[in-house]
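Worksheet for the structure shown next.
The values are calculated or read from the model by the stated rules, or taken from the named source; none is laboratory data. If you're wondering where the values come from, they're calculated on a predicted model, not measured in any experiment. So basically every Cβ, Gly included, is an ideal-geometry build from the backbone, and we count neighbours across all protein chains shown.
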Amino acid sequence: MFCDNCGTELKDETVFCYKCGTKVDGGMDEEIFRKDSPHINKRFKFIIPIICFIFAIIFNLLCYVYESKVTARVENMRQQAEELALKDKISEAANLIDSALALRPNNKTLQSDKIVLKDGKNVDVHITNVESYIKKQDYTKALSELDISNKEIVNNSGSFYDMLNSNIENKRTGVTILQIKSEMNNKNSIDELNSLLVRVAIYNVVEAKDTAEAIKIKIVDISYNKANEFLKKNGFSDAQAAINEGLKYDANNKKLLSFKDSIEKHKQDFELQEKNRIEQAMVSAAKEDENNRTNALEILETKTILDEYGDCVISGQAKNIATKSISSIQIYFTIYDIDNNELGTDYAYISPDYLEVNGTGNFETVEYGMPNADHIKVTNTTWYIR
């Protein structure tokens, strides 16, 4: 080889030019390195692939573990969402599904669940609208809203849709019962009330049974009032027929059964009074009868409360202060709110129908659609003297 600086020929193992002193490239150190390098390269060529393979295995294993945990977490979130949805906690379930989709955006099951929950949210919106219509007492629109909600999911099946349909039907039942109860307030004949009774009888829920009882109470009141009007005209047969009509709907009603007995007593008394009317025309008896007719009853107390349905329950107690027994006692009153504004008038009958001297009886009636009623004032009382 030759010196790069001065061109002098040098031996192969020379490190520095002996003429100019310049370090010779490719000298002995480099040569030694060259001689050793094949062995070093061979060793590295063998070790590096192994190391890369090991790192690849570790990396894939870590990725697998991570992905498995994500998959398990997503599945757990999906199952929790399903449980929440079946408990009618649709918004919470939807939030869980959205979180799961953030981790697995291409998961078909999650995408399908999101669509299903969207249907659930739509049903909730309709039911919220129904509640708004109920507050306005617009039951026709409320039922129409439920029909729309039902049509949107009618072609779907599964546990979740079964729950949604159940929610819709439960709400429909509630609305229908409220509608029947509202219509009841405007019905004043037994035939009209009977048609409502038939409608409500198909629902096997507490509210339906309570409404049916309220309808029966109103039928009983109508029968009682009709019978009493006939009795005032001494129409004993018509009075008994009116009572029997009411007993068809409540055969064990104590109020009607008591009045039925009272009608029979009135009939007997009337016949007897007709027979002995002339013999009883004594002055002292006339004065006593006059007092009994004008001042036979003392009102002991009155109460006005609202029941759990917002209807006004009016009740009270009265005492017979006459010298004879009295019956068919009727209390007339005016209803006021807390500011003494007049809300309406009504009347009620004392039960039991027949009061002995110094005997006490109670009266009670329900005023529907008067949530603001606060108190009453008795304006008149009537009765029959035995």
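One residue alone among ASN185, ASN122, ASN204 is without any contact (Cβ under 8 Å) to a residue 24 or more places away in the chain and not small (Gly, Ala, Ser), and that residue is ASN204. Just one residue in the set GLN268, GLN273, GLN317 is polar (S, T, N, Q) and at pLDDT 95 or above; that residue is GLN317.
Summed over the stretch 233-247, the residues that are over 20 Å from LYS218 (Cβ atoms) and not small (Gly, Ala, Ser) give a count of 5.
Out of GLU290, GLU301, GLU279, one residue alone is of a type outside the set (S, T, N, Q), over 20 Å from PRO371 (Cβ atoms), in a helix (DSSP H, G or I) and without any contact (Cβ under 8 Å) to a residue 60 or more places away in the chain. It is GLU290. Going through (1) more than 10 Å from CYS312 (Cβ to Cβ); (2) modelled with pLDDT under 95 one by one, PHE333 falls short only on (2). One residue is enough: does the stretch 220-243 have a residue meeting the conditions polar (S, T, N, Q), over 21 Å from VAL357 (Cβ atoms) and in the same structural domain as GLN330 (by TED's automatic domain parsing)? No, that holds for no residue. Among the residues of the stretch 135-173, those identified as under 30 Å from TYR368 (Cα atoms), in contact (Cβ under 8 Å) with a residue 40 or more places away in the chain and surrounded by 13 or more Cβ atoms within 10 Å (Cβ to Cβ) are TYR139, ASN167, ILE168, LYS171.
Conditions (1) assigned to a loop (DSSP other than H, G, I, E, B); (2) aromatic (Phe, Trp, Tyr); (3) at negative phi, marked per residue:
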site: ASP88; (1), (2), (3): yes, no, no
site: ALA93; (1), (2), (3): no, no, yes
site: LEU101; (1), (2), (3): no, no, yes
site: THR109; (1), (2), (3): no, no, yes
site: VAL116; (1), (2), (3): no, no, yes
site: VAL125; (1), (2), (3): no, no, yes
site: ASN129; (1), (2), (3): no, no, yes
site: TYR133; (1), (2), (3): no, yes, yes
site: GLU145; (1), (2), (3): no, no, yes
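Can you spot a residue in the stretch 23-31 that is at pLDDT 70 or above, surrounded by 10 or more Cβ atoms within 10 Å (Cβ to Cβ) and either aromatic (Phe, Trp, Tyr) or assigned to a helix (DSSP H, G or I) (or both)? Among the residues of the stretch 23-31, not one is at pLDDT 70 or above, surrounded by 10 or more Cβ atoms within 10 Å (Cβ to Cβ) and either aromatic (Phe, Trp, Tyr) or assigned to a helix (DSSP H, G or I) (or both), which makes the answer no.
Of all residues in the stretch 91-142, those satisfying the criterion of being within 17 Å of the chain's Cα centre (by Cα) and among the aliphatic types (A, V, I, L, M) are VAL123, VAL125, ILE127, VAL130, ILE134, ALA142. Check whether at least one residue in the stretch 71-93 is surrounded by fewer than 11 Cβ atoms within 10 Å (Cβ to Cβ) and not polar (S, T, N, Q), and report yes or no. Yes.
Taken over the stretch 200-228, the criterion of being buried (at least 18 other Cβ atoms within 10 Å of the Cβ) and farther than 26 Å from LYS260 by Cβ is satisfied by VAL200, TYR203, ALA208, THR211.
Within the stretch 348-377, the set of residues being aliphatic (A, V, I, L, M) and either under 33 Å from the mean Cα position of the chain (by Cα) or crowded, with 17+ Cβ neighbours inside 10 Å (or both) comprises ALA348, ILE350, LEU355, VAL366, MET370, ALA373, ILE376.
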